[in-house]
Amino acid sequence: MTTPEVSTSQLPWDAADPYPLYEAYRREGDVVWDATAQAWLVLGYHAAREVLVGQQWTSDPRANQAVAAYRLFTAEIVQTNMLFTDGPTHDRLRHAVRDVFSRSFISQLTEGIESLCKQTVSAIDVDEPFDVMSQIAWPLPVVVVAAWLGLDPAQCQVLREYSPAVIRLLSGITDTDTLHEGLAASTALITEFLPAAADRRVNPGDDLLSYLATAPELSLDEVVTTAILIAVAGHETTANLLGAALTRLLTPTAEDTRLADHIDPADPTVLSELLRLDSPVQAAARTATADHHLANVHIRNGESVLVCIAAANRDPHLYPAPNQFLPDRHGPPPLTFGHGPHYCLGATLARLETSTALRHILARRPVLTDTPTWRDTPAIRGPQHMPARFTV
């Protein structure tokens, strides 16, 4: 299929509120063609899981022949990044860091995350106007991941500066300009991380970067790429998830009540429902490496799909009243962190950070002072600004 280059600005959904469009598309079926995105949109839960399992689908962006921009990816960038690799290479890269993302290991970070959340939230005075995103949601996960990796303040600043461009690159949905910006930002981070990784390989310390640097199965380039991926994807996911959750919990409903006044932020079912309703990752790109028959639709070898995770999480066949916040609902686990070989390594850490931050923030009874605005990034959804103040 010969198609024009897709632009992120031309993707079919609105980052602030994509759900009405998903529902409109769903009337056509669980898998529908979108001429704007030049891809099949996978909307149904079961169809989404089938693609994410990964059999005869590739995550390599260069396989998408419809988007000329992807030809700018070099082999080195793809082959050292577990997001873009499949099969044995992906398994090797993932296995190298598997142990430090286990539930038992992440649980050891609880005390430190608790302290950082308390410190960040308590720094804001009662009735002081503040922006939730720039003063809590963004800096908090950056501080957590920087402390874990053992980054110094200068490296932390570089991470915050270049992460937005890199995360747009990692989404796998991009145009030429965005890809150039992402590659430039990646180069800046590599320049910053490479000397540190090389030093940790010779003089390891008690931090995650040292753990990666001394992993025998990783080359130095793979150490750097993996560290950057953990740093960028880790804090971006948590920041957007926390911001979207707070927007939902603090925005008055039609009955002029707030969900925040009626939920227990420590209840894991509350977080699960927030994850289902407001996935920070809206879609994941895949390209078929064989012909597929998916939800009664024939997808040919070489064609691309966007697995609309946010739409699958609201599949009405599996989640009755899918747009309602019902923490006691029964249903399959949401696909917010993916499924199959590419299931998010940092899911447990993101849950821990988000639930801990929500407890500390809601304990101070925040109120919104203006309507939140949203980032103009269709593949990654989260608030841009959220004006608020604490009442206690």
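The values are calculated or read from the model by the stated rules, or taken from the named source; none is laboratory data. Note that this is a predicted model, so its numbers are computed, not measured. Heads up, the Cβs are rebuilt from the backbone with ideal geometry, glycines too, and the neighbour counts pull from every protein chain shown.
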**OP:** Say whether the condition of being of a type outside the set (Ser, Thr, Tyr), closer than 20 Å to HIS235 by Cα, touching a strand residue (DSSP E or B) at 6+ places or on another chain (Cβ under 7 Å) and at pLDDT 95 or above is met by at least one residue in the range 303-311.
**Re:** yes
Original post:
Does at least one position in the range 165-174 carry a residue that is closer than 20 Å to ARG200 by Cα and of a type in the set (Lys, Arg)?
Top reply: no
Subject >> The lone exception for SER219 - which of (1) surrounded by fewer than 16 Cβ atoms within 10 Å (Cβ to Cβ); (2) farther than 18 Å from GLU76 by Cβ it fails >> reply: (2)
Original post:
Do you know which residues across the range 154-179 are farther than 14 Å from PHE84 by Cβ and at pLDDT below 80?
Top reply: ARG168, ASP175, THR176, ASP177, THR178
**OP:** Starting from residues that are touching a helix residue (DSSP H, G or I) at 6+ places or on another chain (Cβ under 6 Å) and within 18 Å of SER115 (Cα to Cα), keep the ones in the range 145-169 and report whichever is surrounded by the fewest Cβ atoms within 10 Å (Cβ to Cβ).
**Re:** GLY150
**OP:** Could you list, in sequence order, all residues of the range 259-310 that are exposed (fewer than 13 other Cβ atoms within 10 Å of the Cβ) and among the basic types (Lys, Arg)?
**Re:** ARG300
Original post:
Given the conditions (1) in a helix (DSSP H, G or I); (2) within 23 Å of the chain's Cα centre (by Cα), which single one is not true for ALA196?
Top reply: (2)
Original post:
Of all residues in the range 259-284, which are part of a helix (DSSP H, G or I) and either in contact (Cβ under 8 Å) with a residue 40 or more places away in the chain or closer than 26 Å to VAL53 by Cα (or both)?
Top reply: LEU259, ALA260, PRO268, THR269, VAL270, LEU271, SER272, GLU273, LEU274, LEU275, ARG276, LEU277
**OP:** Just name the residue that is surrounded by the most Cβ atoms within 10 Å (Cβ to Cβ) out of those in the range 222-258 that are among the β-branched types (Val, Ile, Thr) and in a loop (DSSP other than H, G, I, E, B).
**Re:** THR251
